[in-house]
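Each remark here refers to the structure printed beneath this line.
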Amino acid sequence: MKDLSFHIMDIVENSIRAEAKLIGISLVEDLENDLLTLQIEDDGKGMDSETMRQAANPFFTTKSEKRIGLGLALLAQATREAEGKFEISSRPEAGTRIRATFRRSHPDRKPLGDTYATLETLVAGHRGVDFLYEHRRGTDVTRFDTRKGECL
Ligand SMILES: Nc1ncnc2c1ncn2[C@@H]1O[C@H](COP(=O)(O)OP(=O)(O)OP(=O)(O)O)[C@@H](O)[C@H]1O
Ligand SMILES: [Mg+2]
């Protein structure tokens, strides 16, 4: 996966599969501290502590047709390549939050890619799901909330 937009697509697919009705995607570029944080939050069915512990293991999946589950493992790897960190927090019946932090200027930090096209595809493809998107870059903010009928 060459850019973070592909990862966003993939991580959001997990939220959809977990029957989320609201998915929050936030990208924060902290120029002062040279950090980039991607956070994806959902209100889906969540994970118990054992599933959460295993989730970023490439040999763990709850998809019955598969033996490996790469989505979280690949994003975790991308953070390690750019001096970042990766965190999952989840509670059954409450939801899941995935947070990936990168050193923004690190030469191996993946580019954002076309986040707008990614968001458009997600919104168009999942009419029953609401999306809240926020991209902060320094003091610049781009935001939309499909619950308010907003689009990009
Ligand atoms: N948002 C989420 N809500 C609930 N469970 C999740 C969520 N994201 C991941 N999981 C759990 O973690 C497992 C691993 O996720 P991961 O994306 O790494 O692989 P996968 O979705 O199983 O397979 P792949 O992404 O390769 O198609 C999933 O099978 C699921 O059990
Ligand atoms: Mg997945």
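Derivation of every value follows stated rules applied to the coordinates shown; laboratory data play no part. Just so it is clear, the structure is predicted and the values come from calculations on it, not from any experiment. All Cβ positions, even for glycine, are placed from backbone atoms using ideal geometry, and neighbour counts span all protein chains on display.
Helix-only estimate, please: 222 nm mean residue ellipticity of the chain, summing -39500 (n - 2.57) across DSSP H runs of length 4 or more and dividing by its residues, to the nearest 500.
Rounded to the nearest 500, the figure is -8000 deg cm²/dmol.
Given the pairs K85/K148; K2/K45; K2/K66, which span a C-alpha to C-alpha distance of over 27 angstrom in this model?
On the way: K85/K148 33 Å; K2/K45 29 Å; K2/K66 23 Å.
Beyond 27 Å: K85/K148; K2/K45.
Given an 8 Å cut-off on Cα distances and at least 6 residues of separation, report the relative contact order of the chain as a percent.
Normalised by residue count, the contact order of the chain is 29 percent.
Would you please classify the overall shape of the chain from the alpha carbon gyration tensor, given that a ≥ b ≥ c denote the square roots of the eigenvalues, rounded means a/c under 1.5, and beyond that prolate means a/b larger than b/c while oblate covers the rest?
Cα axes put the chain in the oblate bin.
Taking the mean number of other Cβ atoms within 10 Å as a proxy for protection, how do you rank 121-132, 19-30 from highest to lowest?
Averaged packing, sorted descending, gives the order 19-30, 121-132.
Counting Lys +1, Arg +1, Asp -1, Glu -1, what net charge surrounds T96 among other residues with beta carbon under 10 Å of its beta carbon? Please report the intermediate quantities before stating the final value.
On the way: positive: K45, R91, R97; negative: E41, D42, D43.
Counting the neighbours of T96, the net charge comes to 0.
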